[in-house]
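Trainee: One structure follows; several queries about it will come next.
The values are calculated or read from the model by the stated rules, or taken from the named source; none is laboratory data. Bear in mind the structure is a predicted one, so any value in this text is a computation, not a measurement. Here the Cβ positions follow ideal geometry from the backbone for every residue, glycine too, while neighbour counts run over all protein chains shown. The area values use the complete protein model at the heavy-atom level, side chains included, leaving out ligands, DNA and RNA. Shrake-Rupley method; radii C 1.70, N 1.55, O 1.52, S 1.80 Å.
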Amino acid sequence: MPGGELQDVFAGVNDRVPEGLAEHLRSVALIDHHVHGTFNQVIDRAAFEFSINEGSNDPVPSWMTQFDSPLGLSIRRWCAPLLGLPALADGEQYWKRRCEIGPDELASTMLRAAGVSRWIVDTGFKGDQITPHGRLAELAGGQSSEIVRLERVAEDLIEGGTAADDFPAAMRAALARAADDPAVVGTKTIVAYRTGFDIDWSRPEEADVVARVRELAARAGAPRIDDPVLIAFGVHEAAAHGLPIQFHVGFGDRDLDLHRCDPLLLLPLLRTMPPVPVLLLHCYPFHRQSGYLAQAFDHVNFDVGLAINYLGARSTGLVAESLETAPFAKQLYSSDAFGPPELHVLGSVLWRRAMGLVLGEWVRTGECAEADAIRIVDMIGVTNAQRVYGV
Amino acid sequence: MPGGELQDVFAGVNDRVPEGLAEHLRSVALIDHHVHGTFNQVIDRAAFEFSINEGSNDPVPSWMTQFDSPLGLSIRRWCAPLLGLPALADGEQYWKRRCEIGPDELASTMLRAAGVSRWIVDTGFKGDQITPHGRLAELAGGQSSEIVRLERVAEDLIEGGTAADDFPAAMRAALARAADDPAVVGTKTIVAYRTGFDIDWSRPEEADVVARVRELAARAGAPRIDDPVLIAFGVHEAAAHGLPIQFHVGFGDRDLDLHRCDPLLLLPLLRTMPPVPVLLLHCYPFHRQSGYLAQAFDHVNFDVGLAINYLGARSTGLVAESLETAPFAKQLYSSDAFGPPELHVLGSVLWRRAMGLVLGEWVRTGECAEADAIRIVDMIGVTNAQRVYGV
Amino acid sequence: MPGGELQDVFAGVNDRVPEGLAEHLRSVALIDHHVHGTFNQVIDRAAFEFSINEGSNDPVPSWMTQFDSPLGLSIRRWCAPLLGLPALADGEQYWKRRCEIGPDELASTMLRAAGVSRWIVDTGFKGDQITPHGRLAELAGGQSSEIVRLERVAEDLIEGGTAADDFPAAMRAALARAADDPAVVGTKTIVAYRTGFDIDWSRPEEADVVARVRELAARAGAPRIDDPVLIAFGVHEAAAHGLPIQFHVGFGDRDLDLHRCDPLLLLPLLRTMPPVPVLLLHCYPFHRQSGYLAQAFDHVNFDVGLAINYLGARSTGLVAESLETAPFAKQLYSSDAFGPPELHVLGSVLWRRAMGLVLGEWVRTGECAEADAIRIVDMIGVTNAQRVYGV
């Protein structure tokens, strides 16, 4: 093992967080309700820099480094000690030391430091480059569950030769299998990347679905579900099977039209769908809108994962804004980490720290009791996910 | 009376608010420029929980309580002592104690603790369930004025049998009466709930108004003004009569399309209407946009009422953001309380506390003098409303 | 000279900013990458009040003064001592004292206090009322460069009698001259004021450009480039000449449709244009969106100038939000000052103070080292502008 250990998550701010709350936040075993695997092989510096920039599709240019970003600072602060380096060791030192450690050892060190008891893993993206969910849990010393990506399920069916006429039934069968599989606890849609949210969300006619599959199967290349009818079909079928549905919302790479991923554009769907749990993921910079929706609809929940990592030191402000209008029963914890295991541990450390700072201030000024603050931590960090996913 | 009293509004933060400013904020008699009545009868727990959730139209589900929300924490903190309980008494204790007190006693206790000298009351919503404005003022020991809801005026005319051909003149007569009535100080439109702001705001032709009324009157059921022509007609007629016009903006229940209630969508109207005072209400999460409009147009003003209550401890951040671009002469205080009198007192307490924290920091770091801070409090809390409504 | 001097930029908050960082922020010579000239003549009170209200096109009404705004407080705090008055001298005193000082002396005093070594000046707006860029630099004791406004270049060509058929070549020749002129370091588009960002950003056909110029030249009055084809043509030609392009984004006067100046609406252009530097200016209240774009595209940079001045004491919160997702190599400093030289010095003072408070907190809580904070200051305040503009 790399021989280091995590700095106290309240280093530098211990006087702002009441001790009982701080101790609870240091030790509570979280459910990371939306996460991906870690890289399963050695990566080079360019791949590392690229993988800590969410928005871009280009290599990081030569005149800059992603270490010079809020996320980069947080990696230097929190991950360097895990590798046996001083906190805030510079980017060059960090990279040199990181290269001395194998991917499994690196992953295991970082993942265990995250203090997560269950990883709920989206397995539908670049599965060949990252650890499967069972392996992630093994490296981390925790348990795992699986989230099935709706568009991927549909694409696999079409790629596997399912005839257009058979597609609706095949999709239903696949979702029925998912609903029956104890390892699978929910589904996800990446409609954000395929069409944006401003589509017709009414439940499609079967004949229309068949026609769209026929068109799509006739295109050259691997099938890509970017037809609003097929996306809406997947969402409505998942809901009909009683499966929770995660939505990528807001912050993501530049392939999406961010302004068309404002969660308010989901209102026509949220008002009419069966009330299976909906999980609005990431949400930045529309997290206030998501908190509003989580207040307005019993079945809507949200998180600010991914953005917590990318905002680094500023994640405290984001977590504060996430505690505005939504009831505490409607927010969940996630890292949305993908690739470098730094992201898996940082999500947890930054969330714990931010919750301690925000709720600690509430306790110190009498806005709530320390026991209230601890209960809010448990709801967002653990029990809301247990209720939503039945884990 | 319940035998309790309000905690000091600066409890827990006294060291952050200079004493002169704090003392002024503790005692200044506010004008609540947009508020509704209190419940005039005993309500059960489900009705209470429902009435402290702005966004939803469903009962609060069994696996949660609205006490576990920012607003719920604030009720436990500030209202429990008013009922003779310790601050932060839990939800069950609070509810038990609340049930021992009659609605009038409860209302009177809470309303008097708000320190409001004048309530400017929107009487157009669920009037059968809540106290009329005179009764509210009586319970509170203050004065009241009335705001007339434009859509309700029009609906009453149609429901009362006004012929379509007579409607424009009847609407004008009703508004002339309102303008002449010393109790009425302004009007309100709930276009947010009926069409959203992205409508044609040009002044309608009379013939078009008549035609729309004819269509609407032919529909079954109680008349509901949801036609953009009729809404625009009401707004233009109110302006022609020199009446201030309040607009519900942003945060509200899920019947509205929140993204279509961005106040920037009112630009075509604001640029062309007669410059009667416009009051943008609530505004969250578009309060920065409203502050911008209040800077850009002499006749535009705004508040962050309703949201202050729902954000609870986080209302300090909201008030800080409301003090960004708008001149201090263009913001007003409101609670937008409706139903439980907890909301009437909380609006006031949370606003006073937030203003103390934000302006106190400005004074302590030299951004303004204490006398400036006190003057800003008076403008937003009292004198801007006096100017706008002539009270 | 007026006989005063600038208050310490960390007055009142010295205990929050580590001394090495504070000292660096007090003295670093900035590049103001987007600014205009100062008034070249005496102005009256009404003109002064008008010129410190960004949004409005009307005189400030009699019942208020712009001194009662966040910007007004900051002028009283920071500029009064420069005129030999105590900090926070009231508006009347300030105005009286200001009137005793000639425009050059006033400008020179304020400009020198800004600590700017290079002013990059947009010369395309109301050039007759303000100092040219060379004169600005002379008064300030610094250097200057020029930004050419694309719409103004086109309008000058048309006004100068360029035939529609010759316009494309003439525009290219003008941009080639700009690219060759060592004083000119970039271009700017005010598409925000002319059409909003939701236009067709594909590169126009030459014949279409000629046709649009023909139409425009046929209109009465001075030519005004408000045709999306001509705007897109200017932007694409500037990019083809390798010139940096500044975009007015967000906050501005009410002639623009603020919601149509959300920088996300530029995505279709940003994804397809040649990667010359793009500079998103001001951005408030869409600064988080701009930070996202600066992360997502190597060639996109942004600032929060203009808004820093107008937010006054609240600029600290804005600067904090500007340090969220963007790499530190992608943000620049500007004042966007125009007219009263108070705006030129305030932009600098408020930025230095806000950076000290935000980064000082990061250093004190261990989020970064003091050397990191100083490097971030240098990147945003100086070296990013050097890289982008080649100065």
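Trainee: Run lengths n ≥ 4 of DSSP H only: what is the helix-derived mean residue ellipticity at 222 nm for the protein assembly as shown, with -39500 (n - 2.57) per run over all residues, to the nearest 500?
Mentor: -12500 deg cm²/dmol
Trainee: Let me ask something else about it. Listed highest first by mean packing, meaning other Cβ atoms within 10 Å per residue, what order do A:267-277, C:326-336 come in?
Mentor: C:326-336, A:267-277
Trainee: Arrange the peptides C:364-374, A:103-113 so that the one whose residues have, on average, the most other Cβ atoms within 10 Å appears first.
Mentor: Ranking the peptides C:364-374, A:103-113 by packing returns A:103-113, C:364-374.
Trainee: What's the average, rounded to a whole number, of partner chain beta-carbon atoms within 10 Å of each residue's beta-carbon in B:54-60?
Mentor: Partner Cβ neighbours, averaged per residue: 5.
Trainee: Right, next: Work out the mean other chain Cβ neighbour count within 10 Å for the residues of C:61-74 and drop it here as an integer.
Mentor: Per residue, the number of nearby Cβ atoms from other chains is 5 on average.
Trainee: From the Cα trace of the protein assembly as shown, what convex hull volume per residue do you get, rounded to a whole Å³?
Mentor: Given the Cα convex hull of the protein assembly as shown, per-residue volume reads 171 Å³.
Trainee: Name the lysines eligible as straight-distance cross-link partners of C:K188: C-alpha to C-alpha under 19 Å, and not fewer than 8 places from it in the same chain.
Mentor: C:K126, C:K330
Trainee: Here's another thing I want to ask about it. If the only charges are +1 at each Lys and Arg Cβ and -1 at each Asp and Glu Cβ, what is the size of the charge dipole of segment C:287-391 around the Cα centre, to the nearest 20 debye?
Mentor: 80
Trainee: From the residues B:G55, B:G72, B:L88, which one has its Cα farthest along the dipole of segment B:43-101 in the positive direction, the dipole being from +1 and -1 charges on Cβ of Lys/Arg and Asp/Glu about the Cα centre?
Mentor: Toward the positive end, the furthest listed residue is B:L88.
Trainee: What does the accessible area per residue of the protein assembly as shown come to in Å², with a 1.4 Å probe and no ligands, DNA or RNA counted?
Mentor: Heavy-atom SASA per residue in the protein assembly as shown reads 31 Å².
Trainee: With both partners inside the protein assembly as shown, how many of the DSSP beta bridges are antiparallel, as a percent to the nearest 5?
Mentor: 5
Trainee: Which order, highest average first, do A:303-313, C:141-151, B:288-298 follow once you tally other Cβ atoms within 10 Å for each residue and take the mean per peptide?
Mentor: A:303-313, B:288-298, C:141-151
Trainee: To the nearest 20 debye, what is the magnitude of the charge dipole of chain B about its Cα centre, counting +1 on the Cβ of each Lys and Arg and -1 on the Cβ of each Asp and Glu?
Mentor: 440
Trainee: Now for a different question. Could you name the residue in chain A with the C-beta closest to the rotation axis that superposes chain A on chain C, along with the separation in whole Å?
Mentor: A:G317, 5
Trainee: PRE reach from C:D255 (point 7 Å along Cα→Cβ): which of segment C:133-165 fall under 20 Å by backbone N?
Mentor: C:147-160
Trainee: Something else now. So for chain B, what percent of the C-alpha to C-alpha distances run longer than 26 Å?
Mentor: Pairs farther apart than 26 Å: 52 percent.
Trainee: When you look at the Cβ of every residue in B:287-294, what mean number of other chain Cβ atoms sits within 10 Å?
Mentor: Neighbouring Cβ atoms belonging to other protein chains average 4 per residue here.
Trainee: OK, next. Post the alpha-carbon centroid distance, segment A:158-185 to segment A:191-246, in whole angstrom.
Mentor: 13
Trainee: Evaluate the Kirkwood expression for the hydrodynamic radius of segment A:43-101, namely the inverse of the mean inverse distance over all pairs of different C-alpha atoms, and round to one decimal in Å.
Mentor: Kirkwood hydrodynamic radius for segment A:43-101: 11.7 Å.
Trainee: A further question on this structure: Using a Förster distance of 45 angstrom, determine the FRET efficiency expected from the C-beta separation of A:E100 and B:R16, and round it to 0.05.
Mentor: Working from the Cβ atoms, E equals 0.40.
Trainee: While we're here: Please report the spacing between the Cα centers of segment B:129-143 and segment B:9-57 in Å, no decimals.
Mentor: The distance from the Cα centre of segment B:129-143 to that of segment B:9-57 comes to 16 Å.
Trainee: Then there's this: For C:A371, which inter-copy label distances result when the label point lies 7 Å beyond Cα on the Cα-to-Cβ vector, reported in nm to one decimal and in ascending order?
Mentor: 5.0, 5.0
Trainee: If you don't mind, another one. How much of the DSSP bridge set in chain C is antiparallel, in percent, rounded to the nearest 5?
Mentor: 5
Trainee: Distances from A:G161 to the same residue in each other copy, label points 7 Å out along Cα→Cβ, in nm, shortest first?
Mentor: 7.7, 7.7
Trainee: What is the interface area between chains B and A, defined as buried accessible area summed over both chains with a 1.4 Å probe, reported in Å² to the nearest 100?
Mentor: 3200
Trainee: Just going by the charge dipole of chain A, with Lys and Arg at +1 and Asp and Glu at -1 on Cβ, which of A:A371, A:Q295, A:L111 is farthest out on the positive end?
Mentor: A:A371
Trainee: Tell me the chymotrypsin sites (Phe, Trp or Tyr not before Pro) within segment A:1-77 that lie in a loop according to DSSP and have at most 12 other beta-carbon atoms within 10 Å.
Mentor: Those satisfying the criteria are A:W63.
Trainee: Next question. Counting only protein heavy atoms, probe 1.4 Å: which residues of segment A:331-367 lose 10 Å² or more of accessible surface in the full assembly compared with their chain by itself?
Mentor: Buried by the other chains: A:R353, A:E361, A:W362, A:R364, A:T365, A:G366, A:E367.
Trainee: Positive end of the dipole of chain C, charges at C-beta (+1 Lys, Arg; -1 Asp, Glu), about the Cα centre: which of C:A239, C:G3, C:A140 has its Cα farthest in that direction?
Mentor: C:G3
Trainee: A:K96: which aspartates and glutamates have alpha carbons under 12 Å from its alpha carbon, excluding same-chain residues fewer than 8 sequence positions away?
Mentor: Here the aspartates and glutamates satisfying the reach criterion relative to A:K96 are A:D44.
Trainee: How high is the FRET efficiency from A:D90 to C:T272, r the C-beta distance, R0 35 Å, rounded to 0.05?
Mentor: For R0 = 35 Å, the calculated efficiency reads 0.45.
Trainee: Still on this structure, please answer the following. How many angstrom lie between the Cα centre of segment A:72-108 and the Cα centre of segment C:293-328?
Mentor: Using only Cα atoms, the two centres lie 29 Å from each other.
Trainee: A further question on this structure: Under a point-charge model restricted to the Cβ atoms of Lys and Arg (+1) and Asp and Glu (-1), what is the dipole moment magnitude of the protein assembly as shown relative to its Cα centre, in debye to the nearest 20?
Mentor: For the protein assembly as shown, the charge dipole is close to 1300 debye.
Trainee: Could I ask something else about it? Which distances in nm, rounded to one decimal and ordered from shortest, link the label point of B:S202 to the equivalent label points in the other identical copies, with labels set 7 Å from Cα toward Cβ?
Mentor: 3.1, 3.1
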